[in-house]
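The values are calculated or read from the model by the stated rules, or taken from the named source; none is laboratory data. Predicted model, so just to flag it, every value in this text is computed and none were measured. As a convention, Cβ positions derive from the backbone with ideal geometry for all residues, glycine included, and neighbour counts pool all protein chains shown.
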Amino acid sequence: MLIRKPSKTLHILLLVTQLALSLTLIWASYMKLFQSPELLSAMWPWTGELPAAFVKFTGIIDFVAGIGIVLPTLVNIRPRLTFAAAAGIVILMLSAMVFHISRGEPALFNIIFGVLAAFVAWGRYGNAASR
């Protein structure tokens, strides 16, 4: 099977998307791990209604995803992990969508980030398959 390398333009679009996802996930992680429960629940009401340990756990997941979506590509070590991280973020966003929709909350951001992660997974799949 012939695997084609992505064009330079596609590579740049993928990298910009990866960086945007990473920054957003790391910011969300910081908020969930280090902000006061009062400030956090004012911004995201669900965080004040669930156990703090669950909120912290989601912060750790966000951090790992935020690092995983960019680090393998940036250091060019095991870049197939970028595909795995992107696929994991798609699953994370689908889970978040179900959670928020079941609570009657908007899930637009989860949909957008899920689509962006799916784009990265699609674009980086060639690297994953060729290694």
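In table form, for the structure just shown:
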| quantity | calculated |
| --- | --- |
| Considering residues of the range 46-92 that are outside any helix (DSSP H, G or I) and hydrophobic (A, V, I, L, M, F, W, C) only, the residue nearest to the chain's Cα centre (by Cα) | ILE69 |
| Selection status of THR17, in contact with a Pro (Cβ under 6 Å, 6 or more places away or on another chain) and either hydrophobic (A, V, I, L, M, F, W, C) or closer than 30 Å to TYR125 by Cβ (or both) | no |
| Residue ID - farthest from ALA85 (Cα to Cα), chosen from residues in the range 1-60 that are in contact (Cβ under 8 Å) with a residue 24 or more places away in the chain and loosely packed, with under 11 Cβ neighbours inside 10 Å | MET1 |
| Test: PHE34 is farther than 18 Å from PHE113 by Cβ and either at pLDDT 95 or above or among the hydroxyl-bearing types (Ser, Thr, Tyr) (or both) | yes |
| Output for the range 26-40, where each listed residue is of a type outside the set (D, E, K, R) and either under 23 Å from ILE89 (Cα atoms) or not in a helix (DSSP H, G or I) (or both) | ILE26, TRP27, ALA28, SER29, TYR30, MET31, LEU33, PHE34, GLN35, SER36, LEU40 |
| Residues that are in contact (Cβ under 8 Å) with a residue 12 or more places away in the chain, part of a helix (DSSP H, G or I) and surrounded by fewer than 14 Cβ atoms within 10 Å (Cβ to Cβ), drawn from the range 93-131 | ALA129 |
